[in-house]
1. Restricting the range 19-33 to residues that are touching a residue at least 12 places away in the same chain (Cβ under 8 Å) and farther than 13 Å from A63 by Cβ, which is farthest from the ligand (Cβ to nearest atom)?
2. Filter the range 117-142 for residues that are over 10 Å from the mean Cα position of the chain (by Cα) and of a type in the set (A, V, I, L, M) and give the result.
3. For the range 154-161, check the following and say yes or no: at least one residue is buried (at least 17 other Cβ atoms within 10 Å of the Cβ), in contact with a strand residue (DSSP E or B) (Cβ under 7 Å, 6 or more places away or on another chain), more than 23 Å from K62 (Cβ to Cβ) and charged (D, E, K, R).
4. Somewhere in the range 211-221, is a residue surrounded by fewer than 17 Cβ atoms within 10 Å (Cβ to Cβ), within 21 Å of the chain's Cα centre (by Cα) and among the basic types (K, R)?
5. Cβ-Cβ under 6 Å, sequence separation 6+ or interchain: first residue in the range 98-111 and closer than 17 Å to A233 by Cα, partner within 8 Å of the ligand (Cβ to nearest atom) and not in a loop (DSSP other than H, G, I, E, B). Which pairs?
6. Of everything in the range 103-113, what is buried (at least 20 other Cβ atoms within 10 Å of the Cβ) and part of a loop (DSSP other than H, G, I, E, B)? Give them in sequence order.
7. Quick one: which strands (runs of 3 or more DSSP E) lie wholly within the range 160-261 and hold at least 1 residues that are modelled with pLDDT under 95?
8. For the subset of the range 114-136 comprising residues that are in contact (Cβ under 8 Å) with a residue 40 or more places away in the chain and over 22 Å from G154 (Cβ atoms), which member is surrounded by the fewest Cβ atoms within 10 Å (Cβ to Cβ)?
Amino acid sequence: MKTLKTAIFPVAGLGTRFLPVTKSVPKELLPVHDRPLIEYAVDEARAAGIENFVFVNARSKKALEDHFRPSPALEAELAAKGKAAALDKVRQPVLGDALKVVYQDQPLGLGHAVLCAAQHVGDQAFAVLLPDDFLLCDRPCLKQMVEAWRFSGGNMVATVDVGRDAISAYGCLDVAHGTGRLLAANGMVEKPLASEAPSTHAVIGRYILQGSVMAALAATRPGAGGEIQLTDAIAADSAQSKLFGFAFEGRRFDCGQPAGFAEATMTMPGLTAKGLSAAA
Ligand code: UTP
């Protein structure tokens, strides 16, 4: 059976759309309800069976790592005060040895960030989760994807049907044919004109990629915006790996920008009780 044990979390971006907050607070630590964005993504990966969590971080954003490490002084104080529920919340995110951190010293784009994690991937398949794509799903998105990928293999990207009016803001999947949620694809087109978009399926921040994508990334030259694009490397890998979209069941919020964040926060309470009781 195909296994997926490593997930990469690119978190080294500047978060300029959230300035001035992100001058000192990493975007990925902003809370939806009572937990930071990054914790939802890590929990999603855990639920999908991930065992190695690789953060591609910036040296100025170490608070992100601290969130997943023990906090002995705080834990001792909460224990002494008998605050068991609070103590659980502090301990729950701790990843121990499963947390690996590499640094991206310059924010040269998502593809470059993923390449920074190459030493922790080798030639094995790996997942990439962008924590600012906040997903509300009854069944965690990556878990849904892994179940489909075990049959399909290849490279897989999560997709959302955003309609023709919105597609030009996204990477767009060129769908060849679809069976249920699994969409066989010819490739991807970055931010196409609405009139020229090959489909209305937008690529969002969940990927399952073959190890060969790392080699393709190493050979990829800067593309749009002078950044090294992950989509270019996935396209370059198409000679050896099939490409699939996965139209996951659930809702996506763009928490990379304030309006999406506000929408996620307003939507969350109605679904929280269900989500928490399902997870309990
Ligand atoms: P975004 O493009 O949404 O994040 O990247 P950003 O660049 O931080 O935000 P803006 O555009 O300046 O507002 C999605 C994810 O990829 C990471 C980000 O931290 C975020 O989690 N990223 C982005 C990197 O790790 N490195 C990069 O060079 C770019």
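The values are calculated or read from the model by the stated rules, or taken from the named source; none is laboratory data. All values reported here derive from a predicted model rather than from experimental measurement. Glycine gets a Cβ as well: all are built from the backbone with ideal geometry, and neighbour counts include every protein chain shown.
1. Here the answer is H33.
2. A117, A118, V121, A125, L136
3. no
4. no
5. Final answer for the pair search is L110/P10.
6. Within the range 103-113, Q104, G109 meet the criteria.
7. 171-179, 182-190
8. It comes out as L136.
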